[in-house]
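The values are calculated or read from the model by the stated rules, or taken from the named source; none is laboratory data. Predicted model only: the values in this text are computed from it and were never measured. Cβ sites come from the backbone with ideal geometry, for glycine too, and all protein chains shown count toward neighbours.
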Amino acid sequence: MVDIVKRFPGVLANDGVSFDVRAGEVHALLGENGAGKSTLMRQLYGLYRPDSGQIIIDGQPRVFHSPSDAIKAGVGMIHQHFMLVSSLTVAENVALGLPSSRGARLDLDRVAERIRALAERYGLKVDPSAVVWQLSVGEQQRVEILKALYRGASLLVLDEPTAVLTPQEAEELFVTLRQMAADGHALIFISHKLHEVLALSNRVTVLRDGRMVGTYPTTEMTRADLARLMVGREVLLQYDRPPAKPGEERLKIDGLWTVGDRGTDAVRDFTLSVRAGEIVGLAGVSGNGQRELAEVLTGLRKPSKGAVTLNGKDVTHASPAERIAAGQCAIPEERMRTGVIKDFSVLENAILCDHGHAPYSHQTLLDFKTIAAHTQQLIADYAVKTPTADTPVKNLSGGNIQKLILARELCRKPTVVIAAQPTRGVDIGASEYIHHRLLEQRASGTATLLISEDLDEIRALSDRIAVIFEGRLMGVVDAATATAESLGLMMAGTRHAD
Amino acid sequence: MSETTSTAPRTAASGASRAWQSWQGALVPVGAVLLALVIGAVVLVILGADPVRAYTAMAEGAFGSVSGFTQTLVVATPLLLVGLGVTIAFRGGVINIGGEGQLIVGALAATAAALYLPLPGVLLLLAALIAGTLAGALWGAVPGALKAQLGVNEILSTIMMNQIALQLANFLLRGPMIDPKEIEAGTRIAQSALLPAESYLVRLVPRTLLHAGSILAVIAAIGVFFLLWRTTIGYRIRAVGLNPDAARYAGIPVKRYQMLALILGGAFAGLAGAVEVLGVQHRMVEGLSGGYGFSGIVAALFGKLHPLGAIPASVLFGGLLVGGDKMQRTVQVPDALIVALLGLVVLFVVGSDYIMRKRAARAQTHE
């Protein structure tokens with residue numbers, strides 16, 4: 001890609017970016033959210049057309065009018081959000097849109113055979129006859145990769161592929177990607193996670209604010225170098241944490257059971273308490289009951305057994321509204337699905353929980369003057385980047401949406417915070433910001449349950465670390481003395497010996 | 001008037017582009033109508049009629065004379081009221097196809113109230129209007145409760161409720177509510193007795209059917225706008241409609257507000273029935289609804305599911321229906337052509353809306 005320029009109304013998304021990737025290498029594309037990484041790749045995949053500049057593949061200039069042109073030229077893209085039909089099997093998803101080798105008759109058995117061959121070659125463990133909705137996120141991602149390989153992609157773009165994976169799953173993915181590169185595929189790896197870029201790529205190109213900072217051989221870079229290039233200033237990779245002064249018990253989970261979507265017990269006999277002024281981290285491999293536990297704690301899922309106490313009050317069967325009234329705030333795992341209403345403006349989203357009472361409304365009449373002032377305050381206090389308060393939230397970046405959610409929830413001065421994956425898919429700058437805010441809450445006496453699959457995050461913020469495996473508590477350890485190895489063992493199902 | 005301009009005070013910086021956007025928003029439906037008329041012209045030519053003469057007759061019939069224009073407004077009134085109900089339901093994420101049935105029970109209830117309640121003067125009119133509204137609300141509440149409690153699809157249940165309402169009207173107008181004079185005369189036409197004059201909505205222009213219900217409908221449209229964008233109830237209805245998961249997470253009882261959206265939708269259709277009885281027919285007759293329950297959905301879509309957009313949309317559709325009659329008489333084409341035209345308009349509006357949204361989404365996704 002040579003000298004790519006792409007403008008959007010009001011934004012110069014790519015300003016003279018040049019970028020090349022060779023067969024057999026992993027080229028990382030690093031930059032914060034909004035730096036123009038995805039825009040650049042969408043042009044390569046035919047989703048956008050560059051305003052100027054050229055795309056050259058195998059020595060030939062190409063103009064892509066649509067993704068199908070790009071696919072024909074051997075470009076494959078693994079999106080952050082999977083493009084799979086959840087009610088179809090793996091083989092059916094892979095075959096979707098392709099002609100059958102038997103004319104009008106389906107050739108799914110042949111497809112399945114080729115999938116097995118590809119899967120074996122690259123270490124992509126997937127059963128071709130499994131139905132997609134039953135697969136874990138990691139497995140679904142493997143299906144996406146298989147889909148691209150099946151279509152003969154020689155250049156594969158992976159848009160933040162690890163954002164949805166656990167460290168272990170990410171490690172497995174890296175093995176696959178290295179194998180693919182060794183086989184002569186060219187890979188473009190989009191990320192803002194520094195250690196992944198360092199671990200996987202041969203070269204790295206850094207983008208900032210739509211401009212190219214430079215392309216570097218990965219071996220010559222350190223974590224701190226990359227962070228500085230990406231953010232444009234020195235970045236703290238650790239936090240100052242004064243010792244915890246835990247107070248009374250605020251949230252108590254006692255022998256909790258709940259049934260998951262597949263009809264089996266997702267949380268089993270789970271007991272944990274969180275005290276005022278401490279952050280308890282809940283670590284675990286994705287899909288071990290964290291999501292279901294968070295749903296029970298926020299009132300979206302019914303527990304089958306056990307009890308939950310919030311500030312001394314039994315809230316086991318309370319509705320979301322009752323929990324909010326009792327002083328609990330929650331930062332949801334899937335911010336676009338449950339955190340915000342994307343077609344609502346920033347202003348309308350700012351009052352999602354609080355619109356029903358003074359000072360934001362009086363006798364059901366919304367007080368827009370107060371609401372607008374309140375929204376401006378949140379935008380200023382939490383450094384939410386938005387053109388105006390009336391901008392629909394869908395036009396904001398992930399990090400800014402997360403800041404808005406945080407602002408909305410924390411401004412209510414909660415006594416208990418349930419934070420589920422608060423920085424998933426959020427850039428370094430915003431992550432740092434969010435972490436500081438959570439530590440501020442800790443200092444002011446809030447009890448925080450931090451549910452995260454990012455072990456670095458858990459270890460950086462928590463006072464105590466609980467580990468969940470197959471819905472059961474494997475143990476609670478002091479964060480100061482916990483090692484990555486001991487936590488890893490617990491995450492893999494070894495009970496902690498007290 | 002687009003949705004975004006109404007949600008909050010606009011800022012100077014985005015004012016200009018907003019204005020352009022709402023201009024575009026208004027141009028799309030107009031373009032859709034023109035396109036539908038062009039296709040209609042082709043069909044007219046195929047049918048051997050002169051399209052210019054046909055459309056001239058149509059425009060004259062709808063807007064060319066006092067009697068034509070007032071008749072357009074008379075037809076637009078129930079369309080607007082039903083359209084408001086459809087708008088609220090759609091905004092709440094529920095699809096109300098039950099306007100026809102809700103209108104019928106509203107008309108029946110208003111008739112019964114006006115005939116049987118011993119109230120003096122204006123009170124009788126008020127009671128009849130309220131009775132119609134409540135009956136429509138009840139007809140919307142049944143699908144609402146079924147959806148909230150049992151997860152029954154409201155599209156199916158509202159359609160079924162249409163059938164029940166129709167048969168209920170058949171039974172009442174042939175049995176308990178039939179005009180005693182019809183029995184005496186032996187003609188047994190299925191209609192109620194003439195209502196007492198104090199229950200009538202005032203006629204606004206002499207020797208026309210235009211009545212105060214039209215003003216009531218415009219006030220109702222402003223009220224719905226206010227409800228949806230200025231009150232917590234409307235805020236919740238819209239939140240539930242746009243993202244039920246996030247609404248639930250934020251503590252809004254989703255099912256209750258979906259049910260409320262269906263109840264309010266029914267209430268406005270019921271009011272439409274009451275207004276039709278009290279303003280135009282002055283009695284309940286068979287076939288009173290005249291398909292308004294369905295055309296109202298079209299008007300709501302054409303008005304971009306905005307209560308104020310529904311006002312011009314209903315007038316235009318009223319004009320098409322009234323003008324279509326004239327066209328039919330002048331150039332001798334089947335009136336089904338008018339229905340087909342309405343269908344084409346909807347197709348183009350919804351289609352262009354889809355294309356515009358997709359383009360906007362592309363332009364707005366930076367990263």
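The combined condition, being assigned by TED's automatic domain parsing to the domain that holds A:Glu432 and either among the β-branched types (Val, Ile, Thr) or within 30 Å of A:Glu453 (Cα to Cα) (or both), is fulfilled by A:Asp381. Against the test of being out of contact with any Ser or Thr (no Cβ under 7 Å at 6 or more places or on another chain) and either of a type in the set (Gly, Ala, Ser) or not assigned by TED's automatic domain parsing to the domain that holds A:Arg337 (or both), the options A:Ala447, A:Ala419, A:Ala480 yield a single qualifying residue, A:Ala480. Here A:Val94 fulfils each of the conditions (1) farther than 30 Å from A:Val426 by Cβ; (2) in contact with a Gly (Cβ under 6 Å, 6 or more places away or on another chain) apart from (2). Just give me the residues in the stretch A:317-342 being assigned to a loop (DSSP other than H, G, I, E, B), modelled with pLDDT of 90 or more and crowded, with 17+ Cβ neighbours inside 10 Å, in sequence order. If the condition is that a residue be assigned to a loop (DSSP other than H, G, I, E, B), modelled with pLDDT of 90 or more and crowded, with 17+ Cβ neighbours inside 10 Å, then A:Ala318, A:Gly327, A:Pro332, A:Val340, A:Ile341, A:Lys342 are the ones that fit.
When A:Gly339, A:Gly356, A:Gly312, A:Gly287 are checked against the criterion of being among the small types (Gly, Ala, Ser), more than 17 Å from B:Leu228 (Cα to Cα) and touching a Ser or Thr at 6+ places or on another chain (Cβ under 9 Å), A:Gly287 stands alone in meeting it.
Counting only residues that are more than 14 Å from every other protein chain (Cβ to nearest Cβ) and of a type in the set (Asp, Glu), which one in the stretch A:395-447 is farthest from A:Ala326 (Cα to Cα)? Among them, the one singled out is A:Glu432. Criterion applied to B:Gly85, B:Gly93, B:Gly151, B:Gly121 was being under 20 Å from B:Ala220 (Cβ atoms) and either small (Gly, Ala, Ser) or modelled with pLDDT under 95 (or both), and the one residue passing it is B:Gly85. Report yes if A:Ile465 is under 18 Å from A:Tyr239 (Cα atoms), touching a residue at least 60 places away in the same chain (Cβ under 8 Å) and among the hydrophobic types (A, V, I, L, M, F, W, C), otherwise no. When the stated conditions are applied, A:Ile465 passes them. In a residue-by-residue description of the stretch A:277-286, the property of being surrounded by fewer than 19 Cβ atoms within 10 Å (Cβ to Cβ), more than 30 Å from A:Glu248 (Cβ to Cβ) and more than 13 Å from chain B (Cβ to nearest Cβ) applies to at least one position.
Test A:Val197 against the stated conditions and say whether it is aliphatic (A, V, I, L, M), surrounded by 23 or more Cβ atoms within 10 Å (Cβ to Cβ), in a helix (DSSP H, G or I) and touching a residue at least 60 places away in the same chain (Cβ under 8 Å).
So A:Val197 fits the description; yes.
In the stretch B:185-241, the qualifying residues are those that are under 30 Å from A:Asn349 (Cα atoms) and in contact with a His (Cβ under 6 Å, 6 or more places away or on another chain), and the one that is surrounded by the fewest Cβ atoms within 10 Å (Cβ to Cβ) is B:Thr232. Under the condition of being in a loop (DSSP other than H, G, I, E, B) and over 22 Å from A:Val267 (Cα atoms), the residues counted in the stretch A:469-497 number 5.
Yes or no, residue by residue, for (1) part of a helix (DSSP H, G or I); (2) surrounded by fewer than 24 Cβ atoms within 10 Å (Cβ to Cβ):
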position	(1), (2)
B:Ser289	no, no
B:Gly296	yes, no
B:Ala299	yes, no
B:Lys304	no, yes
B:Leu308	no, yes
B:Phe317	yes, no
B:Gly324	yes, yes
B:Met327	yes, no
B:Val333	no, yes
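Selection within the stretch A:213-269: residues that are outside any loop (DSSP other than H, G, I, E, B) and of a type in the set (S, T, N, Q). The member of this set that is nearest to A:Asp20 (Cα to Cα) is A:Thr215.
Applying the condition of being in a helix (DSSP H, G or I) and β-branched (Val, Ile, Thr) to the stretch B:252-263 and asking which residue is farthest from the other protein chains (Cβ to nearest Cβ) yields B:Ile263.
Taken over the stretch A:250-286, residues that are among the polar types (S, T, N, Q) and under 26 Å from the mean Cα position of the chain (by Cα) amount to 3. Residues that are touching a Ser or Thr at 6+ places or on another chain (Cβ under 7 Å), farther than 23 Å from A:Arg323 by Cα and within 9 Å of another protein chain (Cβ to nearest Cβ) within the stretch B:211-251 comprise B:Trp229, B:Thr231, listed in sequence order.
Listed by first and then second residue, the pairs with beta-carbon distance under 7 Å, at least 6 apart or on different chains, first residue in the stretch B:353-364 and at pLDDT below 75, second part of a helix (DSSP H, G or I), are B:Asp353/B:Val28; B:Met356/B:Val28; B:Gln364/A:Asn395.
Selection of helices (runs of 4 or more DSSP H) fully inside the stretch A:345-452 by the criterion of at least 3 residues being within 21 Å of B:Arg248 (Cβ to Cβ) and over 16 Å from the mean Cα position of the chain (by Cα) returns A:346-350, A:398-410. A:Ser361 meets the stated requirement of being among the hydroxyl-bearing types (Ser, Thr, Tyr), free of Cβ contacts under 8 Å to residues at least 40 places away in the same chain, on the phi < 0 side of the Ramachandran plot and at the interface with chain B (Cβ under 10 Å from one of its Cβ atoms).
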